Every structure is written in structure tokens, then in C-alpha cells.
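*Asks:* Below is a structure I'd like to ask you about.
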Amino acid sequence: MKLFPFAHATHPQWPMAAGLVLAQLRAQMALPDYAATPTLALLYITDHYAAHAQDILDHLGAELPEITDWSGTVGVGISSNNVEYFDEPALAVMLCAVPSHQYRVFSGVAPLGTGEGMGFEPHTALVHADATTPDLGELIAEMAARTSTGYLFGGLAASRSEAVQFAVGGNGNIKGQGKAGGVFRGGLSGVAFAESVHVVSRVTQGCQPLGRQREVTAAEGNVLLALDGEPALDVLLEEAGISLERPQAAMTALRATLVGLTAPGADVIGRAGTFGADVEVRHIIGLDPGRRGVAVASKVDTGMRMAFCNRNAQAARADLTRICAEIREELEPQEMPQTVAAALAAPEAQSAPSPQRRIAGAVYVSCAGRGGPHFGGPSAELQIVRRALGDVPLVGFFAGGEIARHHLYGYTGVLTVFETA
């Protein structure tokens, strides 16, 4: 698998941005390390372009006739290698060099099938979804069940206007979707991949646990009442260092404090002192002094495991660096040929994507509440990814909710890379 051609641009007029993107893609497709004849494209636009979604797709499809399959969505921001575009008109495209018989684009008019008619067994899937879709959590779980691993990655469209999704499935040879134009609203869409398409994915929650993990020993609805037999409110006040005698300071501290929840018997905190991928972080939405309870933005049951946590820039930077390091470690061969080691050690290895990194392309879906403003400066979040992974083909968007495995998260980042080997 060769490197995935990718491009990004911003301009007040979408045809100009599209022209810049097409020029970048064509230049890369002429290089020996990049794929020359991909058939699958990922397209992400900011909501400034949402009203022109169909025009953009039609234009890019006409200019790139070799691309028969499209998938993507809209975000309040989009990202690419080392750059973020927030609150400005921009688009990003990545052409994925995946054999056409090893993936399928799905949408509301062309659902993901199962069985021999698919031609392959779905192993993983990139999923885009509309936050207003009824029973969205159940639909995500059902979609995960259609894959052999149960692993999804992606996120919810985020837009101040139209929450559009792109889905054109031509199965590698012809345009599909019947009379549909490829731009959808509502439901789920995305791309399912076969087992032979090797992906490595990690979730960063950017949270620092305040204390040890505890078991929920009493709960009612969405109110934590007792943790390891102690009143939940007392545990919160002690671990977060909050005094209700100083209301203003207490409110500030409470806004920065969240709850990490996971299923009974599962570990909340891993060996590295961070949350695992199965932990769902939820806001504290109220206190119940009468019952010494803590209300959270999720239903809680006795037996669940939990830990209070803080979300801040320092924890977010550290956790994002951690998942990038885990991905690099998983991709690095135990025995590295001298030529590969020399290529990775060369100074220019950090200035251009290289097949030696074993990353053909990457998709990064981050929360709309993260990005540069949360990490300390413009494009700071993607700069951390670049420093940790090196320059790799990457596109993504800032979402209204992030999808990993069969869970729907908030305030997280989901980084998925496609392996070249």
C-alpha cells in the first residue's frame, strides 16, 4: 500500500479552494511513493461550505473521474497534517489506496450488508453520523455488531447550518447510490474495511484521574449516591479539593471536574495512570446535598466503576502524545533493516511523509471543544500529532461527538492510521 495523496485549502470561494486541493493531489499522485490510481476518497468540509456540499462533491468527482467512492462529512473545523481550520471556509481530501474489493461505502440508501453478497466480511468501519438521529447510540452499537471486530472509528457531523454527509459507493468501478447525489442528512454513513486493510486506532480522552478508581455502590437514575460505601459528594469534594464554603471557587473547580465511567468489573485507570478506551467521560451536571449525591450526564448503575478526573491542556497534551507513541510502537517492526533505520533517522524524515513510517494515511476525529484553543494555540493539537508521528498523510474533522469501538464519546480524539504493510 502506497502513501495516500492528501490536500487541504482555505478560500472564501469554494471553487478556488477546490482548485488548490486538486493541484496538490495531482502533484502527489505523480510521485513514486504515492498512490497513482486510488478509487476511494475521504472529503471533509467546514460548515462555511455546507450549503455548497453537493456542488463541491460534483466538481471534485468530475475532476477526479478515477475516484468512484466518496465518504466524509462536515465539521465546525477540519484538520490535516500539522494544521487546523476553525471557523473559516476550508476543505480537505485524502485519496485512499485501498483495493476496491476490500472496502464498501454505506449510507442510508445503501446500508452495510453482511454475508457472502458483500464479497468480504466487514472488519472495521469509518462512521459519520448525524447527532439528531433517533436512538443514535443503539444504531452505532448495531453497526459495530456488523463488523467482525466490533471496532468503529469516526464521529458526528458538527455544523452551525446543514449537517451533511458524503457517501458515494461505486464499488471501485461505477457510481452508485442510484439517483442519490451523494450528499445525505441524518443517519449513518461511512466506509467498511476488510481484515486485509490494517488499521491501528487509539482514543485520547485528555483527562487526568484525581484519585483511585471506585465502585458505584448506590445510584439512582443519573445520580451517584455512594462510591465504595462512601457518600459520592464527600468523595468528590475531597478528591477535587473543593470547599462549598467558597462557592465561586467551588463552581470553577466543578466545571473542570468530570466523571469517567465504565462497566462493572472493568478497570477505569490503566497502568499508565490514564483512562482506558472503554471509559466514557461525562460531565457533572448537579449536586444533591440532601442525599450527598452527584448528578452526571449519563445513567449510572450500581456495580459500575468510576473515577473523578480533570480535563485540562496539560493532561490533553500528555495523553495525545501517549496514544501517538503507542501507535508508533505498534507499527515499528521488531527487527528494522538498516535502510529503514537510516531513513527514519535522517533529518528530512520529519519534513515529508515517507513509506518507511509504515503509515499510508491517517484519520483524526477530535471534539469541536478541543483543537488549538484548548491546546494552547492555533493548530496546536495537530502539531502535537505531527511531532509524535512525523509527517503523515492525514485528514479529519472536529466533531459533535466521537465514535470509537461501539461507544459514542465527548471531548475526545480518535486517531486511526492505515498501515502500509
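The values are calculated or read from the model by the stated rules, or taken from the named source; none is laboratory data. Remember, predicted model here, so these are calculated numbers, not experimental data. Counting neighbours? That spans all protein chains shown, and the Cβs are built from the backbone with ideal geometry, glycine included. Ligands, DNA and RNA are excluded from the accessible area calculation, which covers all protein heavy atoms including side chains. Shrake-Rupley method; radii C 1.70, N 1.55, O 1.52, S 1.80 Å.
*Asks:* Among (1) open to solvent by 20 Å² or more (accessible area, probe 1.4 Å); (2) out of contact with any Asp or Glu (no Cβ under 9 Å at 6 or more places or on another chain); (3) farther than 30 Å from residue 79 by Cα, there is one condition residue 196 misses while meeting the rest; what is its number?
*Replies:* With respect to (1) open to solvent by 20 Å² or more (accessible area, probe 1.4 Å); (2) out of contact with any Asp or Glu (no Cβ under 9 Å at 6 or more places or on another chain); (3) farther than 30 Å from residue 79 by Cα, residue 196 is out only on (3).
*Asks:* Here is a list of conditions, (1) open to solvent by less than 10 Å² (accessible area, probe 1.4 Å); (2) among the hydroxyl-bearing types (Ser, Thr, Tyr); (3) within 21 Å of residue 409 (Cα to Cα), and residue 133 meets all of them except one; can you say which number that is?
*Replies:* (1)
*Asks:* While we're here: Within region 58-74, identify whether any single residue is more than 20 Å from residue 22 (Cβ to Cβ) and either open to solvent by 10 Å² or more (accessible area, probe 1.4 Å) or more than 16 Å from the chain's Cα centre (by Cα) (or both), and answer yes or no.
*Replies:* Checking region 58-74: not a single residue is more than 20 Å from residue 22 (Cβ to Cβ) and either open to solvent by 10 Å² or more (accessible area, probe 1.4 Å) or more than 16 Å from the chain's Cα centre (by Cα) (or both).
*Asks:* Another one. Only one of 44, 49, 103 is out of contact with any Lys or Arg (no Cβ under 7 Å at 6 or more places or on another chain), farther than 17 Å from residue 164 by Cα and not hydrophobic (A, V, I, L, M, F, W, C); which?
*Replies:* On the way: 44 fails: farther than 17 Å from residue 164 by Cα; 49 fails: farther than 17 Å from residue 164 by Cα.
After applying the criteria, what remains is 103.
*Asks:* To continue, here is another question. Being assigned to a strand (DSSP E or B) and more than 15 Å from residue 311 (Cβ to Cβ) is the filter here; which residues of region 243-268 pass it? Walk me through it before giving the result.
*Replies:* The initial filter retains those residues of region 243-268 that are assigned to a strand (DSSP E or B), namely 257-262.
The one that is assigned to a strand (DSSP E or B) and more than 15 Å from residue 311 (Cβ to Cβ): 262.
*Asks:* Any idea which residue in region 390-421 is modelled with the highest pLDDT, counting only those that are open to solvent by 20 Å² or more (accessible area, probe 1.4 Å) and assigned to a strand (DSSP E or B)?
*Replies:* Checked region 390-421; the qualifying residue modelled with the highest pLDDT is 419.
*Asks:* A further question on this structure: Filter region 281-317 down to residues that are buried (at least 18 other Cβ atoms within 10 Å of the Cβ) and among the charged types (D, E, K, R) and give me whichever is nearest to residue 257 (Cα to Cα).
*Replies:* So the residue we want is 311.
*Asks:* Which of the following residues is over 19 Å from residue 298 (Cα atoms), touching a Gly at 6+ places or on another chain (Cβ under 6 Å) and open to solvent by 30 Å² or more (accessible area, probe 1.4 Å): 245, 239, 230?
*Replies:* Among 245, 239, 230, only 239 is over 19 Å from residue 298 (Cα atoms), touching a Gly at 6+ places or on another chain (Cβ under 6 Å) and open to solvent by 30 Å² or more (accessible area, probe 1.4 Å).
*Asks:* Sticking with this structure for a sec: Looking at region 75-94, can you tell me whether even one residue there is over 24 Å from the mean Cα position of the chain (by Cα) and either open to solvent by 10 Å² or more (accessible area, probe 1.4 Å) or not β-branched (Val, Ile, Thr) (or both)? Write out each step before concluding.
*Replies:* So the first thing to find is which residues in region 75-94 are over 24 Å from the mean Cα position of the chain (by Cα), and the list is none.
Within region 75-94, not a single residue is over 24 Å from the mean Cα position of the chain (by Cα) and either open to solvent by 10 Å² or more (accessible area, probe 1.4 Å) or not β-branched (Val, Ile, Thr) (or both).
*Asks:* Which one is farthest from residue 352 (Cα to Cα) among residues in region 1-24 that are more than 23 Å from the chain's Cα centre (by Cα) and either of a type in the set (D, E, K, R) or crowded, with 21+ Cβ neighbours inside 10 Å (or both)?
*Replies:* Residues of region 1-24 more than 23 Å from the chain's Cα centre (by Cα): 11-20, 22-24.
Subset that is either of a type in the set (D, E, K, R) or crowded, with 21+ Cβ neighbours inside 10 Å (or both): 14, 17-18.
Working: 14: 27, 17: 22, 18: 22 Å.
Looking at residues that are more than 23 Å from the chain's Cα centre (by Cα) and either of a type in the set (D, E, K, R) or crowded, with 21+ Cβ neighbours inside 10 Å (or both), I get 14.
*Asks:* So, one more: Restricting the first residue to region 351-362 and requiring it to be touching a residue at least 60 places away in the same chain (Cβ under 8 Å) and assigned to a strand (DSSP E or B), which pairs with a second residue that is of a type in the set (Phe, Trp, Tyr) and open to solvent by less than 30 Å² (accessible area, probe 1.4 Å) meet a Cβ separation below 8 Å and a spacing of at least six or different chains?
*Replies:* Here the result reads 359/418; 360/4; 360/418; 361/4; 361/6; 361/418, each pair linking region 351-362 to a residue that is of a type in the set (Phe, Trp, Tyr) and open to solvent by less than 30 Å² (accessible area, probe 1.4 Å).
*Asks:* Within region 364-393, how many residues turn out to be charged (D, E, K, R) and in contact with a strand residue (DSSP E or B) (Cβ under 9 Å, 6 or more places away or on another chain)?
*Replies:* 3
*Asks:* Determine if region 44-56 includes at least one residue that is surrounded by fewer than 16 Cβ atoms within 10 Å (Cβ to Cβ), aliphatic (A, V, I, L, M) and in contact (Cβ under 8 Å) with a residue 40 or more places away in the chain. First the steps, then the outcome.
*Replies:* Going residue by residue through region 44-56, those that are surrounded by fewer than 16 Cβ atoms within 10 Å (Cβ to Cβ) are 51, 54-55.
Now drop any that are not aliphatic (A, V, I, L, M), which leaves 51.
Narrowing further to those that are in contact (Cβ under 8 Å) with a residue 40 or more places away in the chain: 51.
Looking for residues that are surrounded by fewer than 16 Cβ atoms within 10 Å (Cβ to Cβ), aliphatic (A, V, I, L, M) and in contact (Cβ under 8 Å) with a residue 40 or more places away in the chain, one finds at least one in region 44-56, hence yes.
*Asks:* Okay, next question. So residue 361 fits all but one of (1) under 19 Å from residue 78 (Cα atoms); (2) touching a Ser or Thr at 6+ places or on another chain (Cβ under 7 Å); (3) at pLDDT 95 or above; what number is the exception?
*Replies:* Just one mismatch for residue 361, condition (2).
*Asks:* Out of everything in region 199-221 that is assigned to a strand (DSSP E or B) and open to solvent by 50 Å² or more (accessible area, probe 1.4 Å), what residue ends up being modelled with the lowest pLDDT?
*Replies:* Checked region 199-221; the qualifying residue modelled with the lowest pLDDT is 208.
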